[in-house]
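Only one structure is covered here, and it is reproduced in the block below.
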Amino acid sequence: MDDHQVVRQGLRTFLELHPDIVVVGEAGDGAAAVELSTHASPDVVLMDLVMPGMDGITATRRIKAINPGIKIIALTSFTEDDKVFPAIQAGASSYLLKDVTPDVLVDAIRAAHHGESRLHPEIMQKLMKQVVHPPQDGAASDRSGLTPRELEVIQLVAQGRSNREIAAALVISEKTVKAHVSNILGKLGLEDRTQMAIYAVRNGLVDQARS
């Protein structure tokens, strides 16, 4: 799934050279990717993250909600924290950059089909630094200070949702969302939404919000 037709055609042509890989379809935006995945039920989806309309993170989350068995590989040129962590939280099992070699991509597709993950070395390094190591930003690890509503907000922020999307999901105003975000940042000693998303994934706040 990619909004650039040349990229899609190139991927299709290359993948069709491998007899064990069957390309069942392609889409140019997130909404089309969700619809196609619903009808075609692919085993593996290659998902660009930045596309017009519905982005790849939202599409990933919706596809996994409809069919959790579909494996999604984020294939993008972005390495920023606000793309990496929300994409993985949304359900992407692998995260590759578009500079990977064709052989690595094919290996990742086969691995995903067998339930294995593949991460670009740069992304692995980022996860090791931001997730494995204990927090170094002075943020409190005690989550008891967050209200149930704030937990809902931090979950949606970690999924890459905008204030408008969060407001719609929780049926509150954008002004109220901004107030919640500000309160969360203050309670956890964080500086911005990116740190909030990292903190949420690293400390299990997203799982708590879902329970």
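Annotations
So that you can scan it fast, the table gives a plain yes or no per residue for (1) over 30 Å from ASN183 (Cα atoms); (2) at pLDDT 90 or above; (3) of a type in the set (Gly, Ala, Ser):
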position	(1), (2), (3)
LYS71	yes, yes, no
GLU80	no, no, no
LYS83	no, no, no
ALA87	no, no, yes
ARG110	yes, yes, no
GLY115	yes, no, yes
GLU122	yes, no, no
GLN130	no, no, no
GLN136	no, no, no
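- Members of region 162-190 found to be without any contact (Cβ under 8 Å) to a residue 40 or more places away in the chain, part of a loop (DSSP other than H, G, I, E, B) and out of contact with any helix residue (DSSP H, G or I) (no Cβ under 7 Å at 6 or more places or on another chain), listed by number: SER162, VAL171, ILE172
- When region 55-91 is filtered for residues that are of a type in the set (Gly, Ala, Ser) and in a helix (DSSP H, G or I), the ones remaining, listed by number, are GLY56, ALA59, ALA65, ALA87, ALA90.
- Scanning region 92-106 for residues that are crowded, with 20+ Cβ neighbours inside 10 Å and in a loop (DSSP other than H, G, I, E, B) yields ALA92, SER93.
- Residue list for region 46-81, restricted to those being hydroxyl-bearing (Ser, Thr, Tyr) and surrounded by 17 or more Cβ atoms within 10 Å (Cβ to Cβ): THR58, THR60, THR76
The values are calculated or read from the model by the stated rules, or taken from the named source; none is laboratory data. Bear in mind the structure is a predicted one, so any value in this text is a computation, not a measurement. Positions of Cβ are backbone-derived with ideal geometry, glycine not excepted, and every protein chain shown enters the neighbour counts.
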